[in-house]
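What follows is a single structure, written as structure tokens, with notes after it.
The values are calculated or read from the model by the stated rules, or taken from the named source; none is laboratory data. Treat the numbers as computed from the prediction; the structure is a model and nothing was measured. All Cβ positions, even for glycine, are placed from backbone atoms using ideal geometry, and neighbour counts span all protein chains on display.
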Amino acid sequence: AQKITQTQPGMFVQEKEAVTLDCTYDTSDPSYGLFWYKQPSSGEMIFLIYQGSYDQQNATEGRYSLNFQKARKSANLVISASQLGDSAMYFCAMSADDNFGNEKLTFGTGTRLTIIP
Amino acid sequence: EAQVTQNPRYLITVTGKKLTVTCSQNMNHEYMSWYRQDPGLGLRQIYYSMNVEVTDKGDVPEGYKVSRKEKRNFPLILESPSPNQTSLYFCASSLVYGRGTEAFFGQGTRLTVV
């Protein structure tokens, strides 16, 4: 079965510091995709970054980068130079086939990030 | 503007009173799904649809129904809501299902069943 694990329920980080949000995953599908979404207090889900299982390079999008370590099955999100507006809930998600060959998007339980001025 | 629109945004209802949450996308996406978000549990998939007239159960389908008569619409139906269905609901769509296609989410519907 597919599983996404986010072990940090909450984090507090000083403004302008870099922050790493942890995500580990498990799937038997060799072809999968990993996503990070941001959910501010207003509730909407905002797509941040994507990494494919066969991508050789780590994905980057502005201040966001994904530290993809395939052998360790981890896909940590790194936010450089954090800003007050980064305070939000962050979800890691994986797209992969389940045991019945149906593609599913599975989410972790989220990490609530608070940036301290 | 490309978007997924859910209505209503907020809903308070009583146990047993049937309700429908609408979802519409204007991106011609084939794949649509419904999630519920509960504290400490993340987002869990309720139902999904790979195309018109094709729907399938997700991880937590009990107590919900869906239909996909048109490509753009994917309503979520609660025939007899119960308090344990109080949650934040999201509709999402993506172009097809492919590893690199991000899911676009609606604004969410906060449902309270008393």
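Answer yes if at least one residue in the range A:83-91 is modelled with pLDDT under 95 and within 16 Å of the chain's Cα centre (by Cα), and no otherwise. No, because not a single residue in the range A:83-91 is modelled with pLDDT under 95 and within 16 Å of the chain's Cα centre (by Cα). Inspection of the range A:61-78 finds a residue satisfying the criterion of being buried (at least 17 other Cβ atoms within 10 Å of the Cβ), within 14 Å of chain B (Cβ to nearest Cβ), of a type in the set (Gly, Ala, Ser) and in contact (Cβ under 8 Å) with a residue 40 or more places away in the chain. Residue check: B:HIS29 meets all listed conditions (1) assigned to a loop (DSSP other than H, G, I, E, B); (2) in contact (Cβ under 8 Å) with a residue 40 or more places away in the chain; (3) surrounded by fewer than 20 Cβ atoms within 10 Å (Cβ to Cβ); (4) on the phi < 0 side of the Ramachandran plot but one, namely (3).
For the range B:76-89, the condition of being under 10 Å from the mean Cα position of the chain (by Cα) and either surrounded by 20 or more Cβ atoms within 10 Å (Cβ to Cβ) or at positive phi (or both) holds for at least one residue. When A:GLU15 is tested against (1) touching a strand residue (DSSP E or B) at 6+ places or on another chain (Cβ under 6 Å); (2) free of Cβ contacts under 8 Å to residues at least 60 places away in the same chain, exactly one condition is not met: (2).
Among the residues of the range A:11-63, those that are closer than 18 Å to A:VAL78 by Cβ and touching a helix residue (DSSP H, G or I) at 6+ places or on another chain (Cβ under 9 Å) comprise A:VAL13, A:GLU15, A:VAL19, A:LYS38, A:ARG63.
Taking the listed residues B:THR109, B:THR13, B:THR20, B:THR101, the one that is farther than 24 Å from A:ASP29 by Cβ and within 12 Å of another protein chain (Cβ to nearest Cβ) is B:THR109, with no other qualifying. Taken together, the criteria place B:TYR35 among residues that are in contact (Cβ under 8 Å) with a residue 40 or more places away in the chain, under 14 Å from B:GLY108 (Cα atoms), buried (at least 19 other Cβ atoms within 10 Å of the Cβ) and hydroxyl-bearing (Ser, Thr, Tyr). Of everything listed in (1) more than 30 Å from B:ARG110 (Cα to Cα); (2) surrounded by 16 or more Cβ atoms within 10 Å (Cβ to Cβ); (3) at pLDDT 95 or above; (4) polar (S, T, N, Q), the single unmet condition for A:GLN14 is (2). Taken as a whole, the range B:48-66 holds at least one residue that is within 12 Å of chain A (Cβ to nearest Cβ), among the hydrophobic types (A, V, I, L, M, F, W, C) and surrounded by 15 or more Cβ atoms within 10 Å (Cβ to Cβ). Among the residues of the range B:36-67, those that are in a loop (DSSP other than H, G, I, E, B) and under 21 Å from A:GLY101 (Cα atoms) comprise B:VAL52, B:GLU53, B:GLY58, B:ASP59, B:VAL60, B:PRO61.
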